[in-house]
Amino acid sequence: MAGGITDTGELYSPYVGLVYMFNLIVGTGALTMPKAFAAAGWLISLVLLLFLGFMSYMTTTFVVEAMAAANAQLRWKRMEKRKDDEDEDSSSGVSDSDVLLQDGYERAETRPILSVQRRGSANIFEITERVEMGQMASMFFNKVGVNLFYFCIIIYLYGDLAIYAAAVPVSLMQVTCSVTGNHSCSVGDGTKYNDTDKCWGPIRRIDAYRLYLAAFTLLLGPFTFFNVQKTKYLQIMTSLMRWIAFILMIILALIRIGRGQAEGHPSMAQLSGIRNLFGVCVYSFMCQHSLPSLITPISKKKHVNKLVLLDYILILAFYSLLSFTAIYCFHNDTLMDMYTLNFTNCEIISVAFIRYFLGLFPVFTISTNFPIIAVTLRNNWKTLFHREGGTYPWVVDRIVFPAITLIPPVLVAFCTHDLESLVGITGAYAGNGIQYLIPAFLAYCSRKDTQLVFGSGTVNKHLSPFRHTFWIVFVLIWGFSCFVFVTANIVLSESKL
């Protein structure tokens with residue numbers, strides 16, 4: 001995720017890239033959105049969802065622009081190196097032909113891009129090499145900026161792992177624990193359970209949760225100590241399961257509403273729910289850190305910004321449909337942190353297989369992603385402390401880095417299984433930095449570097465539609481304001497308690 005230049009991979013069409021981006025964005029965050037919608041009110045939720053979707057699209061175009069600028073700089077450096085090598089091979093030193101070559105190169109940079117292409121040269125801003133965000137930060141930021149970038153992405157990945165580590169045991173606990181003894185029909189029936197309620201005999205619900213957490217850690221934790229690659233078939237399987245689950249939930253909720261069995265009476269606005277809703281929405285639109293992996297293999301990138309816009313429109317419509325059917329189908333107080341658990345009640349669906357499939361859906365999909373995110377975080381730690389030419393001792397490389405990757409999120413999950421708060425805090429802080437602040441700084445610094453290297457007349461073919469400096473300033477002000485708002489809201493909430 002935050003490494004350097006990696007293999008582009010097999011090329012695919014723009015529409016396949018659109019599907020991949022949709023699958024990346026629509027994930028765990030969507031399952032916590034219905035409860036956040038209900039807590040904040042339908043009007044505030046809809047307005048905030050639309051606004052944050054627009055902001056996320058804007059910063060996505062900033063990252064694409066920075067990727068193009070990074071590709072241009074890499075090409076320019078190779079051209080310079082090739083020219084230096086040719087100069088070294090020449091015994092005549094600096095000749096008139098070198099001066100002419102440099103003069104010709106400078107003229108080419110001031111000539112319109114299309115005219116350069118007609119002469120047979122590839123567009124210097126074409127995105128053909130996958131340059132990860134960490135490499136872009138190293139190219140465009142100073143040392144402090146690079147360290148802040150890695151700090152932000154590491155915190156975000158820790159939050160991601162904590163959410164994953166809590167979501168799987170929560171789902172298992174809710175499906176298997178019941179005070180009535182009827183495991184298949186008790187979850188999602190509106191009954192409010194406490195952590196101290198009995199699960200099996202003397203085992204409390206919180207004890208069952210921690211047992212599942214321990215089993216989850218023992219089964220998937222060891223993968224942190226090895227390299228894990230996401231396979232094509234794993235992607236297909238998890239994507240298929242995700243689509244089946246989401247479509248099932250929307251259809252079942254619509255059927256229940258159509259039969260007049262809807263219990264939801266959502267309020268229009270509740271300011272107290274904005275904090276968590278903000279974090280959930282930011283988390284649910286997160287894709288900026290993975291854009292190099294998604295955009296670079298697209299074969300034709302001429303209309304990439306329009307395709308991304310289409311993706312965001314589809315995602316907004318999907319989130320709205322999922323959340324509105326949820327808040328009108330179920331009473332606000334009965335909506336679960338993990339929305340799939342609302343469909344494990346016999347009154348909602350009588351088919352036991354579907355109840356178990358939806359109830360255990362997060363177990364299957366999240367479990368496949370946990371090792372991949374863990375390995376990514378471990379590699380970011382290694383990159384942050386790496387020194388040029390240096391190597392790590394075996395114990396540090398194979399034991400220390402995996403341990404500091406795995407232990408903190410498991411401890412967080414051990415202390416709390418409040419998924420809405422975990423998603424909200426992760427999105428409101430680390431997600432805020434990755435989705436707003438880092439892309440804005442990348443766009444600003446890459447534009448300055450491009451003008452410095454290629455001259456003010458050079459046009460980046462992937463320049464963001466939001467090219468005016470006003471938009472960068474607006475995103476930065478918004479991002480910093482969100483930090484202040486969320487922190488103040490947390491402090492005020494704690495002081496009232």
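The values are calculated or read from the model by the stated rules, or taken from the named source; none is laboratory data. Please read these numbers as outputs of a predicted model, since none were measured by experiment. All Cβ positions, glycine included, derive from the backbone under ideal geometry; neighbour counts span all protein chains shown. For the accessible areas, the whole protein counts, side chains as well, though only heavy atoms, and no ligand, DNA or RNA atoms are used. Shrake-Rupley method; radii C 1.70, N 1.55, O 1.52, S 1.80 Å.
Some points to look at:
- The residue of the stretch 325-342 that is farthest from Ala167 (Cα to Cα), among those that are open to solvent by 10 Å² or more (accessible area, probe 1.4 Å) and of a type outside the set (Val, Ile, Thr), is Tyr328.
- Selection status of Thr391, open to solvent by 30 Å² or more (accessible area, probe 1.4 Å), closer than 26 Å to Leu148 by Cβ and not in a helix (DSSP H, G or I): yes
Residue-wise test of (1) buried (at least 20 other Cβ atoms within 10 Å of the Cβ); (2) among the polar types (S, T, N, Q); (3) touching a helix residue (DSSP H, G or I) at 6+ places or on another chain (Cβ under 6 Å).
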| position | (1), (2), (3) |
| --- | --- |
| Leu406 | yes, no, yes |
| Pro409 | yes, no, yes |
| Glu420 | yes, no, yes |
| Gly424 | yes, no, yes |
| Asn460 | yes, yes, yes |
| Ile477 | no, no, no |
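- Among residues of the stretch 15-53, those that are in contact with a Leu (Cβ under 9 Å, 6 or more places away or on another chain) and in a helix (DSSP H, G or I), counted: 25
- The lone exception for Glu88 - which of (1) under 15 Å from Asn305 (Cβ atoms); (2) open to solvent by 50 Å² or more (accessible area, probe 1.4 Å); (3) of a type outside the set (Ser, Thr, Tyr) it fails: (1)
- Only one entry in Gly273, Gly264 is assigned to a helix (DSSP H, G or I) and either over 22 Å from the mean Cα position of the chain (by Cα) or over 27 Å from Ile425 (Cα atoms) (or both), namely Gly273.
- Any chance Thr224 is among the polar types (S, T, N, Q), touching a residue at least 40 places away in the same chain (Cβ under 8 Å) and more than 30 Å from Glu347 (Cβ to Cβ): yes
- Count of residues meeting criterion [at pLDDT 85 or above, assigned to a loop (DSSP other than H, G, I, E, B) and hydroxyl-bearing (Ser, Thr, Tyr)] in the stretch 444-497: 1
- Taking the stretch 299-353 as the range and being in a helix (DSSP H, G or I) and charged (D, E, K, R) as the test, the residues that pass are Lys306, Asp311, Asp333.
- For the stretch 359-384, residues that are in a helix (DSSP H, G or I) and out of contact with any Phe, Trp or Tyr (no Cβ under 8 Å at 6 or more places or on another chain) total 9.
- Subset of the stretch 199-253 [at pLDDT below 80, β-branched (Val, Ile, Thr) and open to solvent by less than 50 Å² (accessible area, probe 1.4 Å)]: Val228, Thr238
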